[in-house]
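Novice: So that we are looking at the same thing, I have put the structure below in structure tokens.
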Amino acid sequence: MRQLKIAGGIFAIVLAIFFGLGTYLFWPVVLDPIDDINATLPAPTQPSKVRLSAMTTGFNVSPQAAIYSGGKFTKSHRSVYSGFVIEHPDATFMLEGGIGNKIAEEHARNMNALERRLFAFQKTETAKERMIAARYDPAQIEFIILTHLHWDHAAVIPEFPGTPIWTEAKELDAAQALSDTHISYFAEHLNRDDTVWSFIEFDDKPYGPFDKSKDIFGDGSVVLIPLGGHTKGSIGAVVTTAAGKRYFFIGDVSWSLEAIKLLRPKTPFVGNMVDADREKTREVVALLHEVWKDNPDMLIVPTHDGPVVAQLSSFPAFE
Ligand SMILES: [Zn+2]
């Protein structure tokens, strides 16, 4: 009888932990909205001459519940590893670049079996492979802007040796310091002799609701914005094309535009794993929610949101 009671007690504790943890991990969280701000982003100061083309280098499919808090278990979501070729009269460059050719070996070196399963993906073609197939000379790419240096973004670095990589200095410092211990950084992306780092320095120039910005070409067509939280030096980019379309590339602040619209943060389980500062990331999500509301003609593009990236012209087509 006594053993039965103990066994029953243990069972009850295990059950409580199981449901407690399950509730913590998957309880749908809605963030508090920011009230009454004008989050309209200014238009370019001159007519834009920018052309833009999107590509994906790999994908995975997971339940929506793994992508954001309150997502459905029964609905699947396609995540992609995207990159964008941007042509401006003054420079042709990439924003993000997807994964590289050695990604499978890099995973084997940096992750254990469970982590590899959790971050499993299907490689398609790298940015460079797509360019060569389309007879688009990869040497035209004058620099690559990365929203941050997690492996699924920095993996493009070895593909373009010598091409300047734009990031914030504090992003590189934090990434290099964590590259041997943190699952999200791979040392072989960050400690290379053939990388030319080019550090973004933001101007104290407000841009809509953001305090700082960097207008790369001085015409408002490509404006970088600090979006720290997901990583120390995460950045976003607002791009206006010659066709008058506007995109706000937000990196990994959120993996889903739907989540921005619904004010949903990442699921706690993955948010704790991948967001350096979870609270700050949630504040940026709430701010981007306002940006979404106040800029109805602009498309917010999370780097990994498959259905959103699919709305842009697919390389080698430009828009
Ligand atoms: Zn990512």
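Novice: Only residues in the range 274-302 that are in contact (Cβ under 8 Å) with a residue 12 or more places away in the chain count as the first member; pair them with residues that are surrounded by fewer than 16 Cβ atoms within 10 Å (Cβ to Cβ) and acidic (Asp, Glu), Cβ under 8 angstrom, at least 6 apart or cross-chain, and list the lot.
Specialist: Hits for this filter: Ala286/Asp32.
Novice: Cβ contacts < 6 Å: first residue open to solvent by less than 80 Å² (accessible area, probe 1.4 Å), restricted to the range 94-120; second residue of a type in the set (Asp, Glu) and assigned to a helix (DSSP H, G or I), any location; separation 6+ or different chain. Result?
Specialist: If the second residue must be of a type in the set (Asp, Glu) and assigned to a helix (DSSP H, G or I), the pairs left are Gly100/Glu159.
Novice: Hey, another quick one. Show me the helices (runs of 4 or more DSSP H) found entirely inside the range 136-190 where at least 1 residues are of a type outside the set (Phe, Trp, Tyr) and within 21 Å of Phe249 (Cα to Cα).
Specialist: Per the criteria, 151-154, 169-178.
Novice: If I filter the range 139-157 down to residues being within 23 Å of Leu224 (Cα to Cα) and more than 16 Å from the ligand (Cβ to nearest atom), which single residue comes out as surrounded by the most Cβ atoms within 10 Å (Cβ to Cβ)?
Specialist: Ile141
Novice: Given (1) touching a Ser or Thr at 6+ places or on another chain (Cβ under 7 Å); (2) within 14 Å of the ligand (Cβ to nearest atom); (3) at pLDDT 95 or above, identify the lone condition not met by Arg51.
Specialist: (2)
Novice: Of the numbered conditions (1) away from the ligand (no atom under 16 Å from the Cβ); (2) part of a loop (DSSP other than H, G, I, E, B), Ser198 satisfies every one except a single condition; which is it?
Specialist: Only one criterion in (1) away from the ligand (no atom under 16 Å from the Cβ); (2) part of a loop (DSSP other than H, G, I, E, B) is unmet by Ser198, namely (2).
Novice: Could you please find all residues in the range 237-274 being within 13 Å of the ligand (Cβ to nearest atom), in a loop (DSSP other than H, G, I, E, B) and either aromatic (Phe, Trp, Tyr) or under 29 Å from Ala317 (Cα atoms) (or both)?
Specialist: Ile250, Gly251, Asp252, Val253, Ser254, Trp255, Ser256
Novice: Any idea which of Ser213, Ser221, Ser234 is within 16 Å of the ligand (Cβ to nearest atom), among the small types (Gly, Ala, Ser) and open to solvent by less than 20 Å² (accessible area, probe 1.4 Å)?
Specialist: Checking each option against the conditions leaves just Ser234.
Novice: Are any residues in the range 289-303 within 16 Å of the ligand (Cβ to nearest atom) and within 15 Å of Arg264 (Cβ to Cβ), and if so, which ones?
Specialist: Residues satisfying the conditions are Ile300, Pro302.
Novice: I'd like to verify a number: residues in the range 275-305 that are of a type outside the set (D, E, K, R), open to solvent by 10 Å² or more (accessible area, probe 1.4 Å) and not in a loop (DSSP other than H, G, I, E, B), how many?
Specialist: 6
Novice: Just one of (1) at pLDDT below 95; (2) small (Gly, Ala, Ser); (3) in contact with a Pro (Cβ under 6 Å, 6 or more places away or on another chain) trips up Ala276, so point out which.
Specialist: Unmet condition: (3).
Novice: Here's a follow-up. So for the range 93-115 (the condition being assigned to a helix (DSSP H, G or I), modelled with pLDDT of 95 or more and not hydrophobic (A, V, I, L, M, F, W, C)), does at least one residue qualify?
Specialist: no
Novice: Looking at the range 65-81, which of its residues are touching a residue at least 60 places away in the same chain (Cβ under 8 Å) and either open to solvent by 30 Å² or more (accessible area, probe 1.4 Å) or more than 16 Å from the ligand (Cβ to nearest atom) (or both)?
Specialist: Ala65, Ala66, Ser69, Gly70, Gly71, Arg78, listed by residue number.
The values are calculated or read from the model by the stated rules, or taken from the named source; none is laboratory data. Fair warning: this is a prediction, and the values are worked out from it, not measured in the lab. Quick reminder, even Gly has a Cβ in these numbers, built from the backbone with ideal geometry, and neighbours come from all protein chains shown. These area figures cover heavy atoms from the full protein model, side chains too; ligands, DNA and RNA do not enter into them. Shrake-Rupley method; radii C 1.70, N 1.55, O 1.52, S 1.80 Å.
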